[in-house]
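Take a look at the structure set out below.
The values are calculated or read from the model by the stated rules, or taken from the named source; none is laboratory data. The structure displayed is predicted, hence computed values, not measured ones. Quick reminder, even Gly has a Cβ in these numbers, built from the backbone with ideal geometry, and neighbours come from all protein chains shown.
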Amino acid sequence: MRISVHTLVFWPHLIAGLLAGLIIAVMSFTGIALAFEHEILDWADQEARRVEVPSPGAPRLPIDELLARVRAARPGAQPSAVTEYPEPTLAVTVNTGRTGGVYVNPYTGEVRDWGATGWRSFFNLMEDWHRWLGAQGDNRPIGKAITGASNAIFLALAVTGLYLWWPRKWTWRTVRPSLWFRRGLKGKARDWNWHNVIGFWLLPALIVMTATGMVISYKSVSDLVFKLAGETPPTTGGPPPGPPVQVPTPPPGSTPVPLEALFAQARQQVPAWENITLRLGGGGPPRGNAPARGPGAGPGGGPRPGGNEGPGEARKPAAPSALTLAVREPGTWPPFAATQVALDPYTAQVLRQDAFSDLSAGNRARRWMRFLHTGEALGLIGQFIAAVGCLGGLFLVWTGFTLSWRRFFPGKRAATAAEDTASPERVEPTV
């Protein structure tokens with residue numbers, strides 16, 4: 001018996017969709033929820049971030065003093081990043097670990113918790129399910145493996161779906177049912193119409209999100225990005241920190257300069273700045289507020305030598321490393337770009353300054369992949385497209401399941417002739 005290519009593509013498409021459909025639905029739903037996370041948090045937290053200026057031109061406390069206030073007010077919290085803004089009415093943000101943080105009044109040193117606790121808990125929950133299916137601790141690698149495999153299946157479904165959608169004859173009569181929604185349809189005809197129309201129009205967004213998701217999920221795919229650019233992949237996942245910056249050996253007995261001197265140097269190097277973030281050594285990459293977006297977690301921001309110890313801990317200036325401050329400027333392109341200012345921790349001298357365009361081709365491509373996945377690479381328009389793509393993913397799962405159910409468990413009443421005429425050339429459901 002001769003089997004057509006359409007059949008060979010259709011059945012794996014259907015079976016793969018059934019196997020991964022529920023996971024794809026979870027990732028699509030959580031993707032919608034996370035699409036505007038930073039914008040929602042900025043809106044919900046605007047009162048908590050605002051401070052009163054004592055008087056015009058009032059002096060601000062040094063960054064070192066603000067961090068000392070945080071450590072005194074939150075003894076168990078280790079600062080992992082600090083971000084300041086040029087607006088005099090905005091508090092300094094101090095991240096404490098991956099999901100926590102506080103605001104510090106730059107004039108009085110008052111420490112207050114982040115606001116919008118309900119929203120933050122919601123987004124943390126959504127990210128846990130989006131990345132790990134809600135798994136915690138040692139079970140997270142299992143959850144990540146499942147979501148990574150489901151994302152790969154979703155990419156395969158998008159590609160094979162295009163083949164299944166492709167009309168055998170390009171006439172208006174055969175193409176029209178697959179290009180736009182039709183009124184008055186019910187049952188199989190309606191689901192077939194929705195599945196094909198949504199799949200067709202959202203195909204570019206779905207391919208971009210799933211393909212970039214592969215880069216994020218699998219180091220081998222991430223390494224391929226660098227290899228295609230003719231570069232050596234980094235030893236760890238994600239964008240590399242760039243070439244190491246050599247720090248001159250300080251004289252014996254030297255101590256690091258205050259952090260405020262580093263921030264002052266960064267302000268001088270990039271006068272038109274929107275925010276400046278310094279990564280510290282306390283608990284992983286920050287998340288959950290605006291500066292935690294890609295540029296805030298810029299490369300090279302290792303721990304400050306001797307600057308993050310608790311009381312009584314010995315300093316270790318023997319192996320100094322440069323400190324990199326990520327400086328975001330208004331109106332930059334791409335939106336996630338930041339200027340990385342690498343400084344000597346003992347003199348505050350600029351050792352290297354890199355704009356986004358100065359990064360290697362592989363590094364730039366890898367960063368584009370990260371933010372194309374969320375849509376942030378194209379700003380609010382890209383985030384909206386990503387949200388619509390995730391919403392379409394939910395509908396594709398639903399209509400794929402209903403079409404499969406009708407195929408395997410037909411009701412007592414067979415499909416009507418009206419349903420069968422939804423596409424005279426092809427009525428095979430695609431999941």
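Given the criterion within 23 Å of Pro244 (Cα to Cα), modelled with pLDDT of 95 or more, β-branched (Val, Ile, Thr) and surrounded by fewer than 19 Cβ atoms within 10 Å (Cβ to Cβ), identify the matching residue among Val350, Val341, Val327.
Of the residues listed, the single one that is within 23 Å of Pro244 (Cα to Cα), modelled with pLDDT of 95 or more, β-branched (Val, Ile, Thr) and surrounded by fewer than 19 Cβ atoms within 10 Å (Cβ to Cβ) is Val350.
Looking across region 172-209 at every residue that is outside any helix (DSSP H, G or I) and more than 25 Å from the chain's Cα centre (by Cα), the one that is surrounded by the most Cβ atoms within 10 Å (Cβ to Cβ) is identified as Leu185.
Number of residues in region 161-184 that are touching a residue at least 40 places away in the same chain (Cβ under 8 Å) and β-branched (Val, Ile, Thr) equals 1. Would region 253-268 turn up any residue that is modelled with pLDDT under 95, within 21 Å of Phe336 (Cα to Cα) and assigned to a loop (DSSP other than H, G, I, E, B)? There is no residue in region 253-268 that is modelled with pLDDT under 95, within 21 Å of Phe336 (Cα to Cα) and assigned to a loop (DSSP other than H, G, I, E, B).
For the residues Gly184, Gly199, the requirement of being over 18 Å from His6 (Cβ atoms) and not polar (S, T, N, Q) singles out Gly184. Considering Thr83, Thr160, Thr147, the condition of being buried (at least 16 other Cβ atoms within 10 Å of the Cβ), under 22 Å from Ala20 (Cβ atoms) and out of contact with any Lys or Arg (no Cβ under 9 Å at 6 or more places or on another chain) is satisfied by Thr160 alone.
Can you tell me which residue is farthest from Trp119 (Cα to Cα) among those in region 36-76 that are in contact with a Gly (Cβ under 6 Å, 6 or more places away or on another chain) and at pLDDT below 95? Out of the qualifying residues, it is Ala48.
Scanning region 33-52 for residues that are surrounded by 18 or more Cβ atoms within 10 Å (Cβ to Cβ) and either farther than 18 Å from Ala205 by Cα or in contact with a Cys (Cβ under 8 Å, 6 or more places away or on another chain) (or both) gives Ala35, Glu37, His38, Leu41, Asp45, Arg49, Val51.
When we screen Ala386, Ala418 for residues that are modelled with pLDDT under 95, small (Gly, Ala, Ser) and at negative phi, the only hit is Ala418.
Selection of region 92-135 for residues being under 15 Å from Ala44 (Cα atoms) and in contact with a Lys or Arg (Cβ under 6 Å, 6 or more places away or on another chain) yields only Tyr103.
Restricting to region 168-211, what's the tally of residues that are in contact with a Gly (Cβ under 7 Å, 6 or more places away or on another chain) and either farther than 29 Å from Arg131 by Cα or of a type outside the set (Val, Ile, Thr) (or both)?
Residues in region 168-211 being in contact with a Gly (Cβ under 7 Å, 6 or more places away or on another chain) and either farther than 29 Å from Arg131 by Cα or of a type outside the set (Val, Ile, Thr) (or both): 6 in total.
Please count how many residues of region 328-373 are assigned to a helix (DSSP H, G or I) and touching an Asp or Glu at 6+ places or on another chain (Cβ under 9 Å).
Final tally of qualifying residues: 4.
The one condition from (1) surrounded by 15 or more Cβ atoms within 10 Å (Cβ to Cβ); (2) more than 25 Å from the chain's Cα centre (by Cα) that Ala72 does not meet is (1).
Scanning region 185-233 for residues that are among the acidic types (Asp, Glu) and without any contact (Cβ under 8 Å) to a residue 12 or more places away in the chain yields a single hit, Asp223. Looking only at residues in region 77-86 that are of a type outside the set (Ser, Thr, Tyr) and touching a Gly at 6+ places or on another chain (Cβ under 9 Å), the one that is nearest to Val327 (Cα to Cα) is Ala81.
One residue alone among Ala135, Ala91, Ala116 is over 30 Å from Ala205 (Cα atoms) and free of Cβ contacts under 8 Å to residues at least 60 places away in the same chain, and that residue is Ala91.
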